[in-house]
Amino acid sequence: MNELCNISRKLAIAILCLGLMVGIEGCKHKTQLAPLPPVMTPVELVDIPEPDDLPMIEPTPTKLPPVPVATNAKPKREKKKPAPKLPTPEPVQVASAAAPPAQETVIGALTAGGDANPQTKQEAADLIASIEKRIGGLSAQKAEEQKTEVSKVKNFLKDAEDALKSGDVEGAKTLATKARLLLDELEK
């Protein structure tokens, strides 16, 4: 009995596999469509005339860059217009908190001194004077060629003098140093 059960089970599995294979493969029979009958009468080709009143479409104008031209000449540098001089603001005095008593400060004074150190003030004045001499010693041709740079040097020099007169010695030295550096570049 046991053997009969195994044979029937194997037969059922074989039939199931065969059915799955047929189902997966699908139908091999292809349906064919009936061919169309051939056209026996020739067809005349018709020319379609173009309408006479077609609207004209204007091309949109485009702004193109100028055509580059090769030359052997060096391009001229455009001279920059000096920026309008803005008035220099007056130095603002800032109120500070009361200084601690002398016993509490261990490292001493942190600034150059009261209004200004006389030695620093003299250095700034000497620097301004030397720059003025150097500007006066420039040749007329060099001064004309480098007009904007000379103008910048003079502006820094004037600002330095104003700062020195107002008591801002460090600012005067800084501005005079800038003027000197520009003048050094100009004289090269």
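Here, each number is a calculation from the coordinates, and none is a lab measurement. Predicted model, so just to flag it, every value in this text is computed and none were measured. For neighbour counting, all protein chains shown are included, and Cβ atoms are generated from backbone atoms with ideal geometry for every residue, glycine included.
Dipole of the stretch 1-68 computed with +1 at Lys/Arg Cβ and -1 at Asp/Glu Cβ about the Cα centre; of PRO66, MET40, ILE13, farthest Cα towards the positive end is ILE13.
Karplus-derived 3J(HN,Hα) values for the stretch 179-188, using 6.51 cos²θ - 1.76 cosθ + 1.60 with θ = phi - 60°, are 4, 5, 5, 5, 5, 4, 5, 5, 7, 5 Hz; glycine and proline are entered as x. Assuming charge only on the beta carbon of Lys and Arg (+1) and of Asp and Glu (-1), the dipole of the stretch 118-187 about its Cα centre is about 100 debye to the nearest 20.
Ordered by the number of other Cβ atoms lying within 10 Å of each residue's own Cβ, fewest first, LYS158, LYS30 fall into the sequence LYS30, LYS158. Of SER139, SER166, the sequence from fewest to most neighbouring Cβ atoms within 10 angstrom is SER139, SER166.
Taking N as the residue count of the stretch 5-45, its C-alpha radius of gyration divided by 2.2 N^0.38 Å amounts to 2.75. Shape analysis of the stretch 118-187 based on the Cα gyration tensor places the equivalent ellipsoid semi-axes at 23, 11, 9 Å, largest first. With neighbour counts taken as other beta-carbon atoms within 10 Å, the residues THR62, THR148, THR177 rank, fewest first, as THR62, THR148, THR177.
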